[in-house]
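Reading through the structure tokens given below for one structure.
The values are calculated or read from the model by the stated rules, or taken from the named source; none is laboratory data. Source: prediction; values computed, not measured. Here Cβ is always computed from backbone atoms with ideal geometry, including for glycine, and neighbour counts include all displayed protein chains. Surface areas here come from the heavy atoms of the whole protein model, side chains and all, with no ligands, DNA or RNA. Shrake-Rupley method; radii C 1.70, N 1.55, O 1.52, S 1.80 Å.
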Amino acid sequence: MSAHTRLERRIESPDPAATSALGLALAKAARPGDLICLWGDLGAGKTHLAKSIGAGIGVTDTIASPSFILMAEYVGRLPLFHLDLYRLADAADVLAGGLIDDRQSAGVTLVEWPDRMVGVLPTERLDVFIDGAGDASRTITVRAGTPALQRYLDVIP
Amino acid sequence: MSELLVLAIESSCDETGIAVIEDGRQIVSNVVASQVALHAPSGGIVPEVAARAHLRWIVPVLDEAWGDAGVDWPDVSAIAVTYGPGLAGSLLVGINFAKALAWVHDVPLIGVNHLEGHVYAAWLRDPGEADREDPVFPLVALVVSGGHTFLTEMRDHLTYRLLGSTLDDAAGEAFDKVGRLLGLGYPGGPAIERAAEAAIARDRVFPRAWLGDSFDLSFSGLKTAARRIVTEARAEAGLAGEAEAPLPDPLVAELAWGFQDAVVDVLATKTIRAARTGGARSIVLGGGVAANSALRARLAGEAEALGIPLIVPRPALCTDNGAMIGAAGARRLAAGERAGLDLDARPSLPLAVR
């Protein structure tokens, strides 16, 4: 097995419940300072997955889409920062916007539409690619940017 | 001057708003430096661009509001400021400005929840406006904007019970995203409303998420359905392979109408049911989406049928502004509340609990 494949797992999610189960599992591996990027098209289910990761971290408030407010903050066993860069043009907006800030080192940061900051994304991140739309099943690929983040792959059922 | 004068500051999102409010109702002055034009090229607000713009605008906006009001510091009873929810950087500009003014002029400081400001906009009167009835308790308030969508019940001033809120996308966000799908500009709400008005065929049915008897709302499925419907419509129009080609205007109008009808139907039906269930004596509508005339018309008709008044501020008072913060701040001042100079931004400040 190559280093590349060891850092990646792919699952088929037949329905939203299975995607939620994945999110709850991933949350078990969450540690302060982790950055999780959620990739996928409009309606792929990024916010749906974010909700279950948040629930797994112990957030009890409703996690809604932060598209308009850009960043929502929650408290679970760790602070959760939920970013949605949908409206932004590029990395300059994200950086100038202070959307990546020091407080995030104490919690878990979920980023929807991370392609908006692709030039400045750190290697040390977990990527979750959601492929599919509508009622169809989703192919979800989880990729660890560094060996340390492999713990996320180990908790996937 | 014997009237209760509140200077109010709002900077939670992309509007820098400062107002002077008398007796919790009367707008003496109300200035909003709208940053919409600044943000339009990127299709939405840019927060730190917003925070910087707040810094750039806050003093000129105060100067203008102050000049319009023609008041002096000894007349000011309190300074009210939004301390959440919102973007931390943007909130801090307003909060620190308010604190400095409160300290220098030795005036009480009041922290106001941005969301309660949207509800209290219903009490505001414009200069020269004829007096009218205030909203009567118990009331049901629907607040719909780009970032927030919720229904709350008030049995008295400053007491909120959350009836339901969106589980995923805010209504305004759904308007923006579907507006973009249809190739309409930003902000999507007014663009969809204009397009829908031109619709000739009014029979497109978009799905409604009723969520049983719950007062919670969901617009994520509608957004996903809209994406599918638009893709199918593109194929029907022979544009399947031409991603950049615009849909013909009549088709855009038809789809905009169908989408808007679904949003309005769910919002109005749940609001009216909440009012009926709780024995509400008035209904308040607030937030940026309250400027949508289809929603206003539908709710007005149904409230009338129910025999209770619907109170909707004029559109400029539905979107973010300082006046609404002054109206809520005056209530908090009257209730004896004071914030310390350690008032901090609360980016995820809730309004109501279930």
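I need a count of the residues in the stretch A:21-44 that are outside any loop (DSSP other than H, G, I, E, B) and either open to solvent by less than 30 Å² (accessible area, probe 1.4 Å) or modelled with pLDDT under 95 (or both).
Of the stretch A:21-44, the ones outside any loop (DSSP other than H, G, I, E, B) are A:21-27, A:35-39.
Filter once more, keeping what is either open to solvent by less than 30 Å² (accessible area, probe 1.4 Å) or modelled with pLDDT under 95 (or both): A:22-23, A:25-27, A:35-38.
Summing the residues that are outside any loop (DSSP other than H, G, I, E, B) and either open to solvent by less than 30 Å² (accessible area, probe 1.4 Å) or modelled with pLDDT under 95 (or both) in the stretch A:21-44 gives 9.
So which helices (runs of 4 or more DSSP H) stay within the stretch B:1-108 end to end and still have 2 or more residues that are modelled with pLDDT of 90 or more and among the aliphatic types (A, V, I, L, M)? I'd like the intermediate steps shown before the answer.
Values: elements: B:36-39, B:47-69, B:88-105.
It comes to B:47-69, B:88-105.
Residue B:344 - would you say it is open to solvent by 40 Å² or more (accessible area, probe 1.4 Å), within 28 Å of residue A:62 (Cα to Cα) and assigned by TED's automatic domain parsing to the domain that holds residue B:179? Considered against the rule, which asks whether it is open to solvent by 40 Å² or more (accessible area, probe 1.4 Å), within 28 Å of residue A:62 (Cα to Cα) and assigned by TED's automatic domain parsing to the domain that holds residue B:179, residue B:344 comes out as no. Selection of the stretch B:181-195 for residues being within 19 Å of residue B:288 (Cβ to Cβ) and either facing chain A (nearest Cβ under 9 Å) or aromatic (Phe, Trp, Tyr) (or both) yields only B:186. When the stretch A:73-91 is limited to residues that are open to solvent by 10 Å² or more (accessible area, probe 1.4 Å) and aliphatic (A, V, I, L, M), the one that is farthest from residue B:189 (Cα to Cα) turns out to be A:78.
Restricting the search to strands (runs of 3 or more DSSP E) fully inside the stretch A:70-157 and requiring at least 3 residues that are modelled with pLDDT under 95 and more than 13 Å from the chain's Cα centre (by Cα) gives A:71-75. Counting only helices (runs of 4 or more DSSP H) that sit completely within the stretch B:110-224, those holding 1 or more residues that are basic (Lys, Arg), surrounded by fewer than 20 Cβ atoms within 10 Å (Cβ to Cβ) and in contact with a helix residue (DSSP H, G or I) (Cβ under 8 Å, 6 or more places away or on another chain) correspond to B:171-181.
I'd like to check something: does the stretch B:160-167 contain any residue that is more than 14 Å from chain A (Cβ to nearest Cβ) and either of a type in the set (A, V, I, L, M, F, W, C) or over 19 Å from the mean Cα position of the chain (by Cα) (or both)? Spell out how you get there, then give the answer.
First, the residues of the stretch B:160-167 that are more than 14 Å from chain A (Cβ to nearest Cβ): B:160-161.
Cutting the leftovers down to either of a type in the set (A, V, I, L, M, F, W, C) or over 19 Å from the mean Cα position of the chain (by Cα) (or both) gives us none.
No - not one qualifying residue is present in the stretch B:160-167.
Looking across the stretch A:67-93, the residues that are touching a strand residue (DSSP E or B) at 6+ places or on another chain (Cβ under 9 Å) and either farther than 18 Å from residue A:54 by Cα or more than 7 Å from chain B (Cβ to nearest Cβ) (or both) come down to A:68, A:76, A:78, A:79, A:80, A:81, A:82, A:83, A:84, A:85, A:86.
When B:330, B:294 are checked against the criterion of being of a type outside the set (Val, Ile, Thr) and within 19 Å of residue B:25 (Cβ to Cβ), B:330 stands alone in meeting it.
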